[in-house]
Each structure stands twice: as C-alpha cells, then as structure tokens.
C-alpha cells in the first residue's frame, strides 16, 4: 500500500460568506514530484495561500492510495518497525526496535511532533495507537534517541520522558536547541558503539553525521544492515542546510561517509514523495549515486 | 477678611506640607538608601556585563557625593561581592578587579590569591569527582541495558550527582563567603 505513496492529492477548501447559507469552495490540486530539490519541500506545497484567503480545509482525496492520516506502521524485520508519517503537515517518520532493552523495553528513534503545528494532527497519539495495535505498549519505551533536535523529530520526546521516565539520548552539539525547547537529556550520544539489551543482544553504531544540524547522528545496525538516517538523506533528496547551523559542506561529507556502509534498509526521516524506506542494497546505492550526481555538486 | 481671600496653589501646597508629620532622621536616611542603592547596584551590573570599563568606575561613582555617594559606593561594592560565586570564575575575577579599582584595601592581592586558590581547588575536586560519578551512572545505564563507547551520561540529570555537587559547593561557598566579608569596607 505504501509503495503507491501519493503523488497527487485533491484538497477541498471552503470559505463561508457573510450571509451564512452561501459559501465558496476551492479545489486545490497538490502534485508531489518524485524529486524535490532540497530546502524547498516545506514551502513548495504550503497551504498558506488558501488559509490567507480565509479558506478552511474540509477534505482530501488521494488517488490510488490510502486516505488515512497520521503514522502508518510497517514491520520491516522481526522487531524493527517503521511508522511512516502521512498527515497534511510536516512530521517525521519514527522507527522502533522492540524489546531492545532490559525487561523487554523498546528503543524509539525520533518520536516527532506531539501535535503538528498547522493542522493540529495528533502525531504522538497516532504513533502510540499504531504501536498498541501491534501489541507494543508505549509505556515500555525505555530509550528515545533523537537523530537531531528539530521539533518535527524531537518535540514528543519531552512528553514520553515525563510520562514513562524514558531516557532521552542525543548528541551534545544539539543540546542548546533541545534545551531551548524545554527538553531534558539523560544521555549524550557520540560517535561509537551503542550496545543494547541484557545480555547485550543488539550492537548498533552511532555516526556523527552533521550537516542539517551540528549534532545530527545516524544509527547503523550492522547485523541487519539497517541505517536510520534521520534528515541526512531522503529518497532522491537530502536534508535542508538553510536552517540555522546547517552546513552544505558537512552534509556532503556525512553523505559520502554513509554511502560507504553496507546498507540493505535505508530508513529516512521523512516521507518526501516516497515513504522514505529504501530496501535492497542496489536501490540504496542507486539513491546515493543519484544524490551524488545531482545534488552534491 | 484676610482668611477669605483666594489662596494660590503654592499656598495650599505649603499649608498641606506643613500639616504633614515631619520625617525622622532615620526615615530620611532610609528614603535616601531606597533612592540611591539601586543606582550603585546598576553601576555594578553594567561593569560586570562589560558596558563600563574598569577605568571608568571611579568617574561614574564620583557623580554622587556626600551621603548619597557613600550609599552608591556601598551598593556597588555589595553587587560585585555578591557576584563572586563558584559557578562562574571569570565573572568572579572581574568582580574582584572592580572592587580593587574602587576600594584598594590593604592585603587585597593576598585575598584575591586565596579566592583564586579556592576556585582552583574546587575545579580540581570536580575533575576528580565527575569521572567517578560518570562511571556510577554508566553502571546504572548498563543495568538498564544501555552501554558502549557512544554512551556518555549527562550528570545534570543525575540526582545523586546533583546532591553531591551541592555538598561540595556549600563547603567552598562558605570559605569564599568568609573571604568576601573582608572585601567590603566596615
């Protein structure tokens, strides 16, 4: 189902007239190209124009795909789950490794927004509901890793920590931003090995992959050849570097370094024009090559 | 006839002022203190923030003379002395230099040396204690199933470390407080 990710959406807006029984209806066609230039994906398809004109969104139609909002669950491996964001607003994909810690507690990477900023879509509620549908208790999340500290990735971590006493981990270079957002950090993750479980059953590698933010990290699982890439690389696109502390030069270095890894599953931080889950060594390499050829000039 | 003439505004104000109870000397002093104390504190804050240079302090303070000048000077010195704290060595040293510029007490340099020594001792103790507490936190994380070279605990969120830090700080704070008492004029 997710392979037919929406390329085109029909959006219906309504605007009430002063005499109540009359209204204007606006049909808005949103086309999402396969290849989006970096740094523009947030502004290209903004709903701001209809909103400025006083219209309200009343419905959406995705041809050939699901109409569901929120995060859609995908089971990738035995205990690896992807929650792909499909709402109207910008929000991240989340990834969960079940039973990764002691007492069958889970590792969650990038919980995303609590509620999305414009359309107030319940990002965290939807994520928890999707987890619970699979029998995974949200109260059992023992560790949240934040690939970086932009609100669309980290906002919900604060709530999860407060509710469950979950530990929150991130790179120290992103600490000032996270603290400004009111977050508390239990663990600093630096480049090296991350061993989870007791007795240690999961050996992950943390790579410092700056570019979109100075403290961006990526998580590599060598045994399963999985890379959780955050906002370093997407399908045919890369993370933004026009945000404060972004750097095109360091992002390029990070991508070149990650492209050397043996990857079967490339798990991206956003579903931009594609679910953001690239399977198969060839497809992953092809994506890296495309980016090197067309974006990292 | 005299009483019936129309009074000027000034006359009315003078009459009202005369009917008000006179302030005692203490009340007048208090009033002055309330008025000039914030001015001295403000000079102190501006100096610490870098808006005033050390060489300009005397000029700034000399704008106030007599009793007022005394209040401003005292408030300035108090502000600087209060900002000598373990948490920020550079601000503390700047405060010491400011005090020296305005109130060159005998034995000041020795006092400054002692305060600097306390800062160094405190930092040395932290350097010894932090790795010990990090190791303890790492053990705790390992029990939760989290370990490896990528993991570095944040002691700011460790309750045991925060309690220990408070205890260490209070010991050094009391030593600094004793020295600070000698920095201010009687």
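The values are calculated or read from the model by the stated rules, or taken from the named source; none is laboratory data. Just so you know, these numbers come straight off a predicted model, no measurement behind them. So basically every Cβ, Gly included, is an ideal-geometry build from the backbone, and we count neighbours across all protein chains shown.
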Every listed condition ((1) part of a helix (DSSP H, G or I); (2) within 14 Å of chain B (Cβ to nearest Cβ)) holds for residue A:99 save (1)
Out of the range A:159-170, which residues are in a helix (DSSP H, G or I) and either more than 12 Å from chain B (Cβ to nearest Cβ) or surrounded by 24 or more Cβ atoms within 10 Å (Cβ to Cβ) (or both)?
A:159, A:160, A:162, A:163, A:164
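For (1) closer than 16 Å to residue A:214 by Cα; (2) more than 13 Å from chain B (Cβ to nearest Cβ); (3) crowded, with 22+ Cβ neighbours inside 10 Å, each residue gets a yes or a no:
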| position | (1), (2), (3) |
| --- | --- |
| A:143 | no, no, yes |
| A:154 | yes, yes, yes |
| A:157 | no, yes, yes |
| A:172 | yes, no, no |
Reported set for the range A:251-284 where residues are surrounded by fewer than 19 Cβ atoms within 10 Å (Cβ to Cβ) and under 23 Å from residue A:210 (Cβ atoms) is A:252, A:253, A:256, A:257, A:259, A:260, A:261, A:262
For the range B:142-162, name all the residues that are under 40 Å from the mean Cα position of the chain (by Cα), outside any strand (DSSP E or B) and within 7 Å of chain A (Cβ to nearest Cβ).
B:154, B:157
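Got a sec? Which of B:139, B:87, B:134 is assigned to a helix (DSSP H, G or I) and either touching a helix residue (DSSP H, G or I) at 6+ places or on another chain (Cβ under 8 Å) or more than 14 Å from chain A (Cβ to nearest Cβ) (or both)?
B:134
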Looking at B:49, B:11, B:27, which one is within 30 Å of residue B:91 (Cβ to Cβ) and modelled with pLDDT of 85 or more?
B:49
So which residues in the range B:57-87 are modelled with pLDDT of 90 or more, over 18 Å from residue B:33 (Cβ atoms) and surrounded by fewer than 20 Cβ atoms within 10 Å (Cβ to Cβ), if there are any at all?
B:58, B:59, B:60, B:62, B:83
Every residue from the range B:12-52 that is touching a helix residue (DSSP H, G or I) at 6+ places or on another chain (Cβ under 8 Å) and part of a loop (DSSP other than H, G, I, E, B)
B:23, B:52
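If I ask for residues that are closer than 19 Å to residue A:250 by Cα and within 11 Å of another protein chain (Cβ to nearest Cβ), which ones from the range A:193-219 would you list?
Residues satisfying the conditions are A:206, A:207, A:208, A:217, A:219.
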What about residue A:176, is it more than 9 Å from chain B (Cβ to nearest Cβ), more than 30 Å from residue A:280 (Cβ to Cβ) and in a loop (DSSP other than H, G, I, E, B)?
no
Please determine whether any residue of the range B:166-186 is within 13 Å of chain A (Cβ to nearest Cβ) and either within 28 Å of residue B:117 (Cα to Cα) or at pLDDT 95 or above (or both).
no
Tally the residues that are closer than 30 Å to residue B:172 by Cβ, out of contact with any helix residue (DSSP H, G or I) (no Cβ under 6 Å at 6 or more places or on another chain) and without any contact (Cβ under 8 Å) to a residue 40 or more places away in the chain, restricting the search to the range B:54-84.
1
Filter pass, residue A:230 being on the phi > 0 side of the Ramachandran plot, in contact (Cβ under 8 Å) with a residue 24 or more places away in the chain and away from chain B (no Cβ under 14 Å)
yes
If you check residue B:112 against the conditions, is it in the same structural domain as residue B:174 (by TED's automatic domain parsing), within 17 Å of the chain's Cα centre (by Cα) and surrounded by 15 or more Cβ atoms within 10 Å (Cβ to Cβ)?
yes
Specify which of the listed residues (A:211, A:230, A:183) is buried (at least 16 other Cβ atoms within 10 Å of the Cβ), in contact with a helix residue (DSSP H, G or I) (Cβ under 6 Å, 6 or more places away or on another chain) and under 29 Å from residue A:282 (Cα atoms).
A:211
